[in-house]
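Participant: One structure is given below, represented as structure tokens, and several questions about it will come after.
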Amino acid sequence: MSVYGKYIVKKFFWYFLTLVIAVGLNFLLPRMIEGNPVSMIVSEMTQGMTDSDTIKRVYETFLIEFGIDKPLGEQFLIYVKNLLSGNLGTSFGLYPKPVTEILASAVPWTIGLQLPAILVGWLLGNILGAVAAYRKGVFDKVIFPVALFVNSIPFFTLAIIMLYVFALSLNWFPLHGGYDYQLVPSLSWEFFASVIRHHTLPFLSIVLVTIGGQAIGMREMSIYELNSDYVLYSKLLGIRDSRIARYVFRNAMLPQITGLALSIGTMVGGSLICEIVFSYPGIGTWMFTAIRQLDYPLISGCTLLIAIAVLLANFTIDIIYGWIDPRIKAAQMEDQ
């Protein structure tokens with residue numbers, strides 16, 4: 001097996017082990033929340049009832065339906081069995097709606113918001129950081145302090161500020177939701193324009209914070225590379241600055257790619273909070289609703305989906321990193 005193949009297999013093993021641990025925690029942690037979800041459901045369904053025997057029968061029926069009457073170990077085995085068959089269970093709060101149906105409606109909204117925002121923020125942040133390091137002068141004096149300031153603002157704080165200023169005070173953008181609720185989802189320009197208007201503020205709040213962190217990291221790495229011996233030697237050889245800059249920024253990008261992999265979890269977590277602030281119909285909003293209702297299946301479904309997405313994103317970046325890492329390429333050439 002090649003060096004690159006061994007690298008991929010090793011990474012796959014560790015990610016698979018992490019997924020197994022995540023599945024265990026995903027089952028256990030929601031059940032550690034204080035409270036009884038069945039009591040909450042029964043109290044809502046039996047409002048106005050006075051017959052205690054009927055209420056007790058309803059309570060026992062839901063206990064059996066959701067399997068909460070069984071020991072924790074047996075519940076876990078049932079959970080794993082259902083998980084392998086693609087069944088995430090039935091939502092407690094939206095009974096009898098399946099969790100997969102709820103998540104299927106939320107995932108497109110979350111992907112449509114987070115994926116472009118994280119990638120755009122990462123790309124713009126690296127470009128601005130590289131420009132600040134290479135040009136110096138006014139670029140560095142402006143970009144670096146601004147990036148440092150923006151990076152220190154939590155995702156949800158910036159989201160609340162933007163919501164108050166641009167939606168509540170100036171009334172430029174809608175306050176909440178993914179589209180105007182009087183519209184029926186369709187492939188019309190009116191619906192598309194409404195989605196874009198509701199998408200803009202959450203998108204910008206994620207992008208701005210992401211740009212700040214990435215710009216700082218890229219600036220520091222670029223300055224380190226520009227002061228390296230090989231850059232001075234290349235200049236003495238008379239190599240053009242544009243070609244040197246290309247090598248400098250390519251080397252500086254490697255830690256940034258690693259940083260992207262390590263920070264995806266934080267970015268996704270912050271983005272989910274932005275969804276809650278703007279009541280955006282994504283996974284974050286549904287997870288917040290599930291926590292308030294002690295909806296174990298929906299909490300587990302949301303957190304499992306987030307864990308799998310973060311692990312897949314990190315694994316993909318590791319594959320790309322292994323492909324462009326000169327150390328792995330050098331080791332592969334030695335084997336040949």
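Participant: Is it true that residue 175 is open to solvent by 30 Å² or more (accessible area, probe 1.4 Å) and under 24 Å from residue 126 (Cα atoms)?
Facilitator: The answer is no for residue 175.
Participant: Now for a different question. Select from segment 137-161 the residues that are over 20 Å from residue 256 (Cα atoms) and outside any helix (DSSP H, G or I) and list them in ascending order.
Facilitator: Hits for segment 137-161 are 153, 154.
Condition check ((1) under 30 Å from residue 278 (Cα atoms); (2) of a type in the set (Ser, Thr, Tyr); (3) open to solvent by 30 Å² or more (accessible area, probe 1.4 Å)) across all residues:
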| residue | (1), (2), (3) |
| --- | --- |
| 76 | no, no, yes |
| 82 | no, no, yes |
| 101 | yes, no, yes |
| 114 | yes, no, no |
| 119 | yes, no, yes |
| 146 | yes, no, yes |
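Participant: Pick from 97, 136: which is without any contact (Cβ under 8 Å) to a residue 60 or more places away in the chain, surrounded by fewer than 16 Cβ atoms within 10 Å (Cβ to Cβ) and at positive phi?
Facilitator: 136
Participant: Conditions: (1) more than 19 Å from residue 272 (Cβ to Cβ); (2) open to solvent by 50 Å² or more (accessible area, probe 1.4 Å). Residue 204 meets all but one. Number of the miss?
Facilitator: (1)
Participant: With the structure loaded, tell me whether residue 123 is part of a helix (DSSP H, G or I), under 20 Å from residue 251 (Cα atoms), out of contact with any Cys (no Cβ under 8 Å at 6 or more places or on another chain) and open to solvent by 90 Å² or more (accessible area, probe 1.4 Å) or whether it fails that test.
Facilitator: Taking the combined requirement at face value, the residue satisfies it.
Participant: A follow-up question, please. Checking residue 209 against (1) loosely packed, with under 13 Cβ neighbours inside 10 Å; (2) in contact with a Phe, Trp or Tyr (Cβ under 7 Å, 6 or more places away or on another chain), only one condition comes out false. Which one?
Facilitator: Evaluating residue 209 over (1) loosely packed, with under 13 Cβ neighbours inside 10 Å; (2) in contact with a Phe, Trp or Tyr (Cβ under 7 Å, 6 or more places away or on another chain) leaves (1) as the failure.
Participant: I want to confirm something. Restricting to segment 178-196 and keeping residues that are of a type in the set (Val, Ile, Thr) and either within 17 Å of residue 105 (Cα to Cα) or surrounded by 12 or more Cβ atoms within 10 Å (Cβ to Cβ) (or both), which single residue is nearest to the chain's Cα centre (by Cα)?
Facilitator: 195
The values are calculated or read from the model by the stated rules, or taken from the named source; none is laboratory data. Please read these numbers as outputs of a predicted model, since none were measured by experiment. Glycine also receives a Cβ, built like all others from the backbone with ideal geometry; neighbour counts cover every protein chain displayed. Please note that ligands, DNA and RNA were not included when accessible areas were found on the heavy atoms of the full protein model with its side chains. Shrake-Rupley method; radii C 1.70, N 1.55, O 1.52, S 1.80 Å.
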